[in-house]
Each structure stands twice: as structure tokens, then as C-alpha cells.
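The values are calculated or read from the model by the stated rules, or taken from the named source; none is laboratory data. Computed from a predicted structure; not experimentally measured. Here the Cβ is made from the backbone with ideal geometry for all residues, glycine too, and neighbour counts use every protein chain on show. Heads up: the accessible areas ignore ligands, DNA and RNA and are worked out on the full protein's heavy atoms, side chains in. Shrake-Rupley method; radii C 1.70, N 1.55, O 1.52, S 1.80 Å.
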Amino acid sequence: SSNTAPNGGLRSIASIAVKNAGLYEQMYREARIDNLTDVYNYRFFVERLREEYENSRNDSLALLYIDLDDFKLFNQLYGSIEGDKILRQVAGILKQAVGSSGTVFRSSGKVFAVLLPNVDGRQAEMLAREIRTRIDAFNSSPERKNFKPLTFSCGICVSPYSASSVQELMDHADLAVY
């Protein structure tokens with residue numbers, strides 16, 4: 001009878017299922033995570049921004065853009081390996097500063113975006129100051145003494161006060177950087 005089939009058949013099906021689940025998990029992650037900095041990528045940022053905007057209809061939603069100043073020069077002076085290291089370290093600093101109050105994304109080469117649901121302008125500004133304090137501490141660490149200090153420009157926009165659409169939220173935060 002067919003009941004005498006060895007148990008290996010089921011086992012190999014299970015292992016294929018586990019392997020596929022692992023691959024799916026990896027693909028899901030790669031589609032959303034920036035592989036250099038391990039924060040979310042631009043594609044997921046746009047997706048998440050629309051969701052959070054819809055969810056925040058009756059509350060505030062703050063968007064911060066953190067743009068590393070003279071980053072091209074930094075790469076020219078110290079090389080892209082050092083530049084990549086800085087991007088990873090900044091991503092870590094941002095994740096620590098933001099904690100559970102929001103989400104950090106790498107929105108382009110040297111720009112990070114921070115999305116903060118239920119955060120108003122004053123709270124967003126406090127977070128920006130906290131980030132600056134942490135970057136200053138990073139700059140004054142002994143291993144950074146031979147490097148040009150890292151600075152950033154920050155743009156903040158909060159809906160619904162300063163933006164009435166997702167596009168305005170992005171555009172106004174971008175303008176505020178400059």
C-alpha cells in the first residue's frame with residue numbers, strides 16, 4: 001500500500017517549505033531594507049509615508065529629512081569605505097535617537113528620512129536637537145579626531161499644519177533642508 005512510503009518524503013517537503021519561507025523573508029527584507037545601513041529604503045519610505053499619512057488624518061505626522069553636509073567632499077577626502085562607515089554609524093545614531101517613536105529610512109545617498117506619527121513640530125524640533133547632540137558627541141570621540149567633523153542639515157515638516165498632502169509633506173521638508 002501507499003502507506004509504506006518512507007517518512008523522508010514529508011520531511012523533504014517540509015524542508016522545501018521552510019527554505020521557501022526563508023527566501024520569501026529574505027526577499028521581503030531586501031525589498032524594504034537598505035543593505036548598507038540596515039534601515040528602511042526609499043521604496044518602503046514612500047509606501048510607509050502614504051500609509052502613515054492616511055492613518056494620521058486626525059493627528060499630526062512629522063517628517064524629518066537629515067542631509068549630511070559636504071558628504072561628497074568627505075568621500076573624496078577619506079574614500080568611500082570610510083564614507084560607507086559613516087552612513088552606517090549615522091543610521092545607528094538616528095535609530096537610537098528615534099527609538100520607538102518613529103521609523104528611520106535612507107531616502108537617498110546621503111539623506112535619511114525620519115517619520116514620526118503623532119509628533120508635533122515642537123517635539124520634532126526637540127528630536128532634531130537630540131540628533132545634533134549625538135552627532136556632536138560622535139564627532140568628539142577620539143577615533144574621529146583626524147576626520148573633518150560631520151554636520152547635517154535638517155528639514156522638518158508636520159502635517160496637517162504645514163502640508164495638506166503626502167507630496168507637500170515631502171516637498172516642504174525638502175525645502176526646509178535648504
Of (1) open to solvent by less than 20 Å² (accessible area, probe 1.4 Å); (2) among the charged types (D, E, K, R); (3) assigned to a helix (DSSP H, G or I), D67 fails just (3)
Name the single residue that is modelled with the lowest pLDDT among those in the range 150-178 being within 12 Å of A113 (Cβ to Cβ) and not hydrophobic (A, V, I, L, M, F, W, C).
D174
Answer yes or no: is there a residue in the range 78-93 that is of a type in the set (F, W, Y) and surrounded by 20 or more Cβ atoms within 10 Å (Cβ to Cβ).
no
D38 vs. criteria at pLDDT 90 or above, touching a Ser or Thr at 6+ places or on another chain (Cβ under 7 Å) and not in a helix (DSSP H, G or I):
no
I need a count of the residues in the range 121-173 that are touching a residue at least 40 places away in the same chain (Cβ under 8 Å) and in a helix (DSSP H, G or I).
13
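Here is a yes/no grid of residues against (1) more than 20 Å from the chain's Cα centre (by Cα); (2) of a type in the set (V, I, T):
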residue: V114; (1), (2): no, yes
residue: M126; (1), (2): no, no
residue: R134; (1), (2): no, no
residue: T151; (1), (2): no, yes
residue: A163; (1), (2): yes, no
residue: L169; (1), (2): no, no
residue: D174; (1), (2): no, no
residue: V177; (1), (2): no, yes
